[in-house]
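Remarks on the structure that follows.
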């Protein structure tokens, strides 16, 4: 007798299933599919992410042990290791990429008023990449070095809620700066980047789109000072200058003026030189903006530790991208659930609790918070009493 929904079902209820079906129809994901649909595949892979399954055999064994509950959580097809492997190999990864983008847009609306430490009206993005090492003989398409394979996750992180708004998955040989060719600049937004993204031609394209960038200068960057601004050395700022590029090609690529700020970080005992096209914010605010870039590195570290993206369940490029995009979807889904349910827990804590309670039949708030609740289902029988004694 089913006396309520499992925790897994309540988590899945946060997914916009009609929009998922649109993504599937867009790429004909269920064409000639009889039983194991794209939605079945997504739920099986979501289960693997939430419960830390390491292989297809793990997924098959665990889900088959719960076969009586699978129908109620939405898995209609028979779970088989071979069927799931073929689905990851052949179903278009763009289905899950588009669906992840739908979840990302929903999450950004929920976190639009989130405070990340700086009182700025502009949207602030942190741009960086992370490398996932692979075996070149097993993943021959993921070229990195002569005897080493890897994939790169180029990620644009919205610092309000730490939501990844753009992800580009490439092999390890693609240089970080190439991601700027694939971004659609948002006018008025602030893009914070490391010095790997210092390319005057691409930065000028951001400038022409009315976007703001903050990046670090390299030691060999040719710049000429036009004039200096007043500074307060007690804030850590050592100089605030208006500069122009001196090299022929650099000046041709970026003909406008730039702002150069030298900042001394007393905590680390290091000096940093920043370049930006923003001339109105205080110099110490520019330094704090760059300091906030560490959050994208924390994001990479978090997903590598708590999601299954370091060990893959398939060797093809399609299977790897499918697994990564479903992992991103689960990360964003948990963030959406946390905000909608107003849960005062970290994403790590929520994932740990979900990993051991997915098939329990209890209200999800009780599972996550442990608060007392009254069970609305009778525990003995549901037949009405005809006579009272």
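When you check residue 35 against the structure, is it surrounded by fewer than 15 Cβ atoms within 10 Å (Cβ to Cβ), modelled with pLDDT under 95, more than 18 Å from the chain's Cα centre (by Cα) and under 23 Å from residue 316 (Cβ atoms), yes or no? Yes: the conditions hold for residue 35. With respect to (1) modelled with pLDDT of 95 or more; (2) touching a strand residue (DSSP E or B) at 6+ places or on another chain (Cβ under 7 Å); (3) in a loop (DSSP other than H, G, I, E, B), the lone exception for residue 104 is condition (3). Selection over the range 1-11 of residues that are surrounded by fewer than 20 Cβ atoms within 10 Å (Cβ to Cβ) and either in contact (Cβ under 8 Å) with a residue 12 or more places away in the chain or in contact with a strand residue (DSSP E or B) (Cβ under 6 Å, 6 or more places away or on another chain) (or both) gives a count of 5. Taken over the range 261-271, the criterion of being surrounded by fewer than 19 Cβ atoms within 10 Å (Cβ to Cβ) and at pLDDT 95 or above is satisfied by 262 alone.
Okay, residues lined up against (1) buried (at least 18 other Cβ atoms within 10 Å of the Cβ); (2) outside any helix (DSSP H, G or I):
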| residue | (1), (2) |
| --- | --- |
| 178 | no, no |
| 184 | no, yes |
| 188 | no, yes |
| 192 | yes, yes |
| 196 | no, no |
| 213 | yes, yes |
| 220 | no, yes |
| 240 | yes, yes |
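Taking each residue of the range 353-364 that is without any contact (Cβ under 8 Å) to a residue 40 or more places away in the chain and assigned by TED's automatic domain parsing to the domain that holds residue 52 and looking for partners that are surrounded by fewer than 19 Cβ atoms within 10 Å (Cβ to Cβ) and in a loop (DSSP other than H, G, I, E, B) with beta-carbon atoms closer than 9 Å, six or more apart or interchain, yields 353/345.
Selection over the range 44-88 of residues that are without any contact (Cβ under 8 Å) to a residue 24 or more places away in the chain and crowded, with 18+ Cβ neighbours inside 10 Å gives a count of 2.
Got a sec? Which helices (runs of 4 or more DSSP H) wholly within the range 282-340 have at least 3 residues that are free of Cβ contacts under 8 Å to residues at least 60 places away in the same chain and over 27 Å from residue 53 (Cβ atoms)? Steps first, answer last, please.
Working: elements: 283-291, 294-306, 317-340.
In the range 282-340, 283-291 are the helices (runs of 4 or more DSSP H) which contain 3 or more residues that are free of Cβ contacts under 8 Å to residues at least 60 places away in the same chain and over 27 Å from residue 53 (Cβ atoms).
Out of curiosity, is residue 78 at pLDDT below 90 and either part of a loop (DSSP other than H, G, I, E, B) or in the same structural domain as residue 356 (by TED's automatic domain parsing) (or both)? Here the answer is yes, as residue 78 does meet what is asked.
Can you tell me which residue in the range 242-259 is surrounded by the most Cβ atoms within 10 Å (Cβ to Cβ), limited to those that are within 10 Å of residue 223 (Cα to Cα) and either in contact (Cβ under 8 Å) with a residue 40 or more places away in the chain or not assigned by TED's automatic domain parsing to the domain that holds residue 218 (or both)? Checked the range 242-259; the qualifying residue surrounded by the most Cβ atoms within 10 Å (Cβ to Cβ) is 245.
The values are calculated or read from the model by the stated rules, or taken from the named source; none is laboratory data. As the structure is a prediction and not an experimental result, all values here were calculated from the model. In this analysis, Cβ positions are derived from the backbone assuming ideal geometry, glycine residues included, and neighbour counts consider all displayed protein chains.
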